[in-house]
Amino acid sequence: MERAETKPDATDREKTRARRQEEFAKAWQSGSFPRMLFVTFQHPTPYYDDSYAIDSPNMGPYGRAITQELIPYIEKHFRAIPQPWARILSGGSTGGWESLALQIFYPDYFGGTFSYCPDPVDFHYFELVNIYEWDNAWYRKDDWRKTPISGQRQPDGLVLSTMREQLKYEQAMGPGGRSGEDWDCWQAVYGPLGADGYFQPVFDPATGAIDHGVASYWKEHTDLNAYLQRNWNEIGPKLAGKIHIWTGDMDTYYLNNAVYLLEDYLKTTTAPPWGGSITYGPREPHCWTGPFSLEERLKMMAGYVAATAPRDVDRPWWRE
């Protein structure tokens with residue numbers, strides 16, 4: 001007798017989402033929840049619905065806009081604590097990269113980051129592609145063989161699409177990197193301005209060939225692990241204990257591989273040691289946010305603030 005496989009349909013997912021929203025609202029409004037401001041940035045650009053929250057030749061000066069204009073405005077007009085130790089970052093996927101990048105590029109402006117399944121944090125693993133040492137993002141050549149490079153997988157390892165398929169799809173969606181999809185967005189965020197006014201691509205859209213000049217620009221400006229390695233002596237003391245990351249070890253887009261490289265470096269740091277944490281979810285896909293609910297994660301962040309705030313600071317906002 002064949003067993004019928006049951007999968008949650010759209011109605012079940014909507015019910016689950018509604019239940020979780022109700023549980024969060026109940027916790028947030030309870031008398032025992034820490035009094036916090038929960039702020040979500042909205043910063044769309046012509047390339048994507050999100051600027052990636054850093055200064056970029058193609059996207060604009062969003063890092064400065066957020067830290068010098070938006071956050072001061074929020075802290076002035078709402079009951080916020082305008083101190084670095086009270087500014088905690090968090091996000092998943094795109095938001096995971098952004099929260100990590102903001103903490104790294106502005107190490108003494110924020111008090112810590114709780115980043116989930118971040119986009120590539122080391123471009124030796126730009127998903128699976130090593131943009132520094134490989135010549136092509138579509139295939140790996142071995143004598144007479146050309147093996148397609150995977151771009152997406154299931155947690156059991158089954159390949160769902162290749163790099164060539166994904167990049168060709170985005171090219172078909174629109175010229176000049178205007179597909180509104182991930183690969184075009186990343187190239188706009190991380191790369192230099194091209195002669196035609198659009199971003200200068202790191203991948204040749206017709207062949208998948210890698211432009212190593214553009215890759216060098218990426219390494220100098222937006223490779224987070226490379227930035228930490230170059231600047232640890234200066235920014236390390238400002239980052240100690242502040243970086244916390246969660247990711248599945250079978251991330252759908254292979255993003256865990258870059259996190260491994262970041263962890264390998266952070267474990268070598270001294271004066272001071274990095275003092276943060278990285279947690280991997282066994283066989284978990286993108287975007288795994290750890291074993292806790294949103295309200296539990298927010299309480300964890302509030303507890304972190306309470307523990308790291310200056311000793312002489314009153315804590316009327318903190319509720320046990």
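The values are calculated or read from the model by the stated rules, or taken from the named source; none is laboratory data. On a predicted model such as this, the values are computed, not experimentally measured, just so you know. FYI the Cβ positions are ideal-geometry reconstructions off the backbone, even for glycines, and counts take in every protein chain you see.
Here the stretch 14-59 is the region considered, the condition is being within 25 Å of the chain's Cα centre (by Cα) and among the basic types (Lys, Arg), and the residue that is surrounded by the most Cβ atoms within 10 Å (Cβ to Cβ) is Arg20.
Flag not set for Glu284, criterion: part of a helix (DSSP H, G or I) and of a type outside the set (Lys, Arg). Which ones in the stretch 196-230 are part of a helix (DSSP H, G or I) and within 20 Å of the chain's Cα centre (by Cα)? Those that are part of a helix (DSSP H, G or I) and within 20 Å of the chain's Cα centre (by Cα): Ala215, Tyr217, Trp218, Lys219, Glu220, His221, Leu224, Asn225, Ala226, Tyr227, Leu228, Gln229.
Scanning the stretch 132-156 for residues that are touching a Ser or Thr at 6+ places or on another chain (Cβ under 9 Å), farther than 14 Å from Trp183 by Cα and assigned to a loop (DSSP other than H, G, I, E, B) yields Tyr132, Ile149, Gln154, Pro155. Here the stretch 140-186 is the region considered, the condition is being acidic (Asp, Glu) and under 19 Å from Val214 (Cβ atoms), and the residue that is nearest to the chain's Cα centre (by Cα) is Asp182.
Within the stretch 122-139, can one find any residue that is within 21 Å of the chain's Cα centre (by Cα), closer than 30 Å to Met36 by Cα and either surrounded by fewer than 15 Cβ atoms within 10 Å (Cβ to Cβ) or in contact (Cβ under 8 Å) with a residue 24 or more places away in the chain (or both)? Scanning the stretch 122-139 turns up no residue that is within 21 Å of the chain's Cα centre (by Cα), closer than 30 Å to Met36 by Cα and either surrounded by fewer than 15 Cβ atoms within 10 Å (Cβ to Cβ) or in contact (Cβ under 8 Å) with a residue 24 or more places away in the chain (or both).
Please enumerate the residues belonging to the stretch 140-161 that are hydroxyl-bearing (Ser, Thr, Tyr), surrounded by fewer than 17 Cβ atoms within 10 Å (Cβ to Cβ) and either over 18 Å from Thr207 (Cβ atoms) or touching a residue at least 40 places away in the same chain (Cβ under 8 Å) (or both). Across the stretch 140-161, the qualifying residue is only Ser161. Only one of the listed residues (Glu296, Glu263, Glu284) is assigned by TED's automatic domain parsing to the domain that holds Phe105 and surrounded by fewer than 16 Cβ atoms within 10 Å (Cβ to Cβ). That residue is Glu296.
Results for (1) touching a residue at least 40 places away in the same chain (Cβ under 8 Å); (2) within 30 Å of Gly194 (Cβ to Cβ), shown as yes or no for each residue.
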residue	(1), (2)
Ala25	no, no
Leu37	yes, no
Tyr52	yes, yes
Gly60	no, yes
Arg64	no, yes
Ile74	no, no
Ala80	yes, no
Ala86	yes, no
Thr94	yes, yes
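Only one of Ala137, Ala195, Ala226 is among the aliphatic types (A, V, I, L, M) and out of contact with any helix residue (DSSP H, G or I) (no Cβ under 7 Å at 6 or more places or on another chain); which? Testing whether each residue is among the aliphatic types (A, V, I, L, M) and out of contact with any helix residue (DSSP H, G or I) (no Cβ under 7 Å at 6 or more places or on another chain) leaves just Ala195.
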